[in-house]
Amino acid sequence: MIRNVVIGVLVLAVAGTGFWGYQEHKEKNAILINAENTYQRAFHDLSYQVDILQDKIGNTLAMNSRTSLSPALTDVWRITSEAQNDVGQLPLTLLPFNKTEEFLSDIGDFSYRTAVRDLEKEPLNDKEYTRLETLYGQAGEIQKELRKVQHLVIKNNLRWMDVEMALASGKENTDNTIIDGFETVEKTVSGYSESQTGDPTYTSSKQENKNYQNLKGEIISKKEAVQKAKKYAKMKEPIEVRVEENGKGAKYEFYSISLLETGTNTEVDMDITKKGGYPVWYINNRDIQNSKLDLNKASQKAVQFLKENDFESLDLFESAQYDHIGLFNFVTLQDGIRIYPDSVKIKIALDDGSVLGFSADDFFQSHKKRDIPKAALSVEEAKTKINQKVTIMEERKALIVNDLDQEVLCYEFLGTINQDTYRIFINANSGREEKVEKLKNSEPVYENLL
Amino acid sequence: MKGISSKWKGVIATVLAVCCLAFSDYDASAFTSQVIQKGAVGDDVIELQARLQNIGYYHGKIDGVYGWGTYWALRNFQQSFGLPIDGLAGFTTKKKLADASNFNAKFVHEQIQKGNEFTYYGGVDIEKQIKPNTNKKNTNTTGKTNTSTKQATKSNQKTNTASNLPAGYSQNDIQLIANAVYGESRGEPYIGQVAVAAVILNRLDSPSFPNTISGVIFEPGAFTAVADGQIWLTPNERAKEAVIDAINGWDPSGNAEYYFNPQTATSKWIWTRPQIKQIGKHIFCH
């Protein structure tokens, strides 16, 4: 009797486990297929976008009328962004596929710049036309390679999930048509990158890194760097010091210094350039529990800090309070003109007014003595270029970097429409509206609204 | 008994408020001594906004964050009252403002506490300017907070109803990056966390990566924390601070676009990237 009951229970248990296992298996498969389909869609979509891209660039080559060229180039720009989006959804981060993405972004940049230009006044020049032709050819090559991979994927029923597994485990001995295929695409593209840079009108995103070339001064030693760091940190001995030099891949030479004040367990980390010993950034990790200073007093502390450390003629243009920290953004002021690319940010602790951090990365990358040309337009002339609905509240001269990565002298206007505030830059020479941005209002904390 | 005591407290509070108004010439106002400047947050800003609204200069929400709306309102006030137009609420400005306007601290803080939508224009019955928050969750807190102005002010400091944010990012964006940073590097030193956040932002700017925050974070294979689900751990405040630092321009990584843990990295390719530096357990590279 008991035996029968036990057998019955066991049979039920086995059947139950089996059923449960089957359910789990089904669910797992459903999820796997789902993930696989997402990858497949992104991949086939990419291949499709590159197809269209190539066609569209081909079309622009044949176009003569300016009126049709602008929309066509805009379309090219849109498609490149879609294609980039597709690449971003594929598990390729572990695969060197960045050249292809950069190529797409280059086409995007080029088509955008030419599309937004008034082609009636300034038509495509010969160089740009040649460049368009090269892009056409290159897009064709990529298309061909991608189609090959696509064909193999369909023919052999290849799964992206396997690619991901292979990449993650680092074992590449399995048959990886997809990986190999993409590597070929990548090689095809990297072959081009040399020839492209010869064109002077071509500004790729790579050139944005200015590599601190404007820094002056001698190379400093480790010891000097530590001394400088101690001067900034204003800590009490005993201090534990760690210094490291930059790795080989760094764009400029620097020391990374970290100081630990053993008494309070406060740590300060900073990078100092080897050339000239300039502080790139600085962070003190102290925890701030309360506020004794107001933002205004803190801003005076920030100004004082800049003076002490030979940052000259900087103008405070933004301040904000985050809990017990005041954040201040300064820009260079040259002949009364705000130089927006040269910015220095400073964090002040609101409990004792000490400097919690500063970042002069942007400043050192772009700071130099500039010869600023006289403005061709007067303020009044520039004002006429602004939308009538904007009530202008403030105006000044400023130097900004525009969409085309050029430094341009502008009139800056702050104005309002109803409750919103706008910052508008009008080119002081051409009268072009270089930039219009809606300035941020505070955001409600949603937790309190729910 | 309870009812009576709270009633008495209410009376005392009103009396106190009246006293404050009566002596307003005497001590400038209920403002603290700070010079209120754009970007500030807190009770002084609430008072500033309420007073400016009371006399018809400020039309935005009274939320305790000194933003552009408050800035222009204060400058317009300074202009009409013959004060130097600098957008700073210093002693003279605060005094003039306090003389010209009314401020019912209890009423204003109570509405903020309750999460009500309200305005504080002069010449209109204040009770008519409230649009109550329909959600009931907040009503239980009001019992604690409306007994006296002082208490209301105190608890208000803990929960701000609005906050400053770096341009171009919403609280949810910051939260999402903080999730990724916490999942990826919660055992790392603070600057290591700032550096991870900076890498995410560098990828956002880079032509080799997607152009949205979610695109960068959820790119398949990009972050292990996304792959193994650790991204959904609740990040601490420190991770959020690290993200805000990175957004505000701190980049300890030296403009890196990749990083990896040399002990756990399986990909051979990652070792071929030019290395910039090591912070904690992570090597940062281009």
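A few remarks follow.
- Between A:K385 and A:L152, residue separation times 0.36 nm minus the direct Cα-Cα distance comes to 78.2 nm.
- Amide H contacts under 5 Å for A:L356: A:K347, A:I348, A:A349, restricted to partners 5 or more places along the chain or on a different chain, H placed in the peptide plane at 1.01 Å from N.
- Interchain or long-range residues, amide H under 5 Å from B:K277's placed H: A:G247, B:F284
- Gaussian network model of chain A, springs between alpha carbon atoms under 10 Å - residue of A:G326, A:G247, A:G353 with greatest fluctuation: A:G247
- Selection of trypsin sites (Lys or Arg not before Pro), region A:260-332, meeting DSSP coil and at most 14 other Cβ within 10 Å: A:K292
- Karplus-derived 3J(HN,Hα), 6.51/-1.76/1.60, for each residue of region A:326-342, Hz, glycine and proline x: x, 10, 10, 10, 10, 10, 5, 10, 10, 6, x, 10, 6, 9, 5, x, 8
- The lysines whose alpha-carbon is closer than 16 Å to the alpha-carbon of A:K292, local same-chain residues fewer than 8 away aside, are A:K301, A:K347, B:K154, B:K158.
- Charge sum, other residues only, whose C-beta stays under 11 Å from B:R51's C-beta, Lys/Arg counted +1 and Asp/Glu -1: -1
- Legend: distances between Cα atoms for A:K389/A:K440; B:K240/B:K268; B:K38/B:K95; A:K248/A:K435; A:K127/A:K440; A:K231/A:K251; pairs beyond 30 Å are B:K240/B:K268; A:K248/A:K435; A:K127/A:K440.
- Cα→Cβ-extended label distance, 7 Å offset, between A:K144 and A:N29, nm: 4.2
- Here the dipole of chain A is about 500 debye; that uses its Cα centre as origin and unit charges on the Cβ of Lys and Arg (positive) and Asp and Glu (negative).
- In region A:342-449, the GluC sites (Glu not before Pro) that fall in loop regions by DSSP, at most 11 other Cβ within 10 Å: none
- If you take the Cα centroid of region A:257-303 and the Cα centroid of region B:40-56, the two points sit 32 Å apart.
- Relative exposure of A:W281, B:W269, A:W77, B:W232, judged by other C-beta atoms within 10 Å (fewest first): B:W232, B:W269, A:W77, A:W281
- In terms of its C-alpha gyration tensor, region A:222-366 comes out oblate, because a/c is 1.5 or above while a/b does not outweigh b/c.
- Taken over the Cα atoms of chain A, the convex hull encloses 287 Å³ per residue.
- Mean separation of Cα contacts under 8 Å, 6 or more apart, over the residue count of region A:379-438: relative contact order %: 29
- Within chain A, helix-based [θ] at 222 nm, where runs of 4 or more DSSP H residues each add -39,500 (n - 2.57), nearest 500: -15000 deg cm²/dmol
- Note that region B:207-216 has calculated 3J(HN,Hα) couplings of x, 7, 10, x, 9, 10, 4, 5, x, 5 Hz, one per residue in order, obtained from phi through the Karplus relation 6.51 cos²θ - 1.76 cosθ + 1.60 (θ = phi - 60°); glycine and proline are x.
- Tail beyond 19 Å, pair distance distribution of region A:243-306 (Cα, percent): 51
- Size of charge dipole - region B:177-286 - debye, nearest 20, with Cβ of Lys, Arg +1 and Asp, Glu -1, no other charges: 280
- Residue-wise HN-Hα couplings along region A:385-396, as the Karplus relation 6.51 cos²θ - 1.76 cosθ + 1.60 with θ = phi - 60° gives them from phi, are 7, 8, 3, 4, 6, 7, 8, 7, 10, 9, 8, 6 Hz; Gly and Pro carry x.
- For region A:227-377: relative contact order, % (alpha-carbon pairs under 8 angstrom, 6 or more apart): 17
- Rounded if a/c under 1.5, otherwise prolate or oblate - region A:303-420, Cα gyration tensor axes: oblate
- Spacing of the two label points (7 Å from each Cα toward its C-beta) at B:T272 and B:R238, in nm: 3.7
- If the segment from A:N429 to A:I392 were pulled out straight at 0.36 nm per residue, it would be longer than the present Cα-Cα gap by 11.3 nm.
- The shape of region B:171-285 comes out rounded: with a ≥ b ≥ c from the C-alpha gyration tensor, a/c is under 1.5.
- Kirkwood-type radius of region B:242-286, with distances r between different C-alpha atoms, in Å: 11.2
- Panel order for A:E224, B:E110, by other beta carbons found within 10 Å of each beta carbon, from fewest to most: A:E224, B:E110.
- Fewest-first ranking of A:E164, A:E122, using other Cβ atoms within 10 Å as the exposure measure: A:E122, A:E164
- Listed residue (A:L124, A:Q388, A:L260) projecting farthest to the positive dipole end of chain A, Cβ model: A:L260
- Inter-chain Cβ neighbour count for A:336-345, averaged per residue, equals 1 (cutoff 10 Å, partner chain atoms only).
- Taking Cα centre as origin and charging only the Cβ of basic (Lys, Arg, +1) and acidic (Asp, Glu, -1) residues, the dipole magnitude of region A:379-438 rounds to 180 debye.
A short reminder: the numbers here are calculations on the coordinates, not readings from a lab. Since the structure is predicted, the reported quantities are computational estimates derived from the model, not experimental observations. No Cβ is skipped: glycine too gets one built from the backbone with ideal geometry, and neighbour counts run over all protein chains shown.
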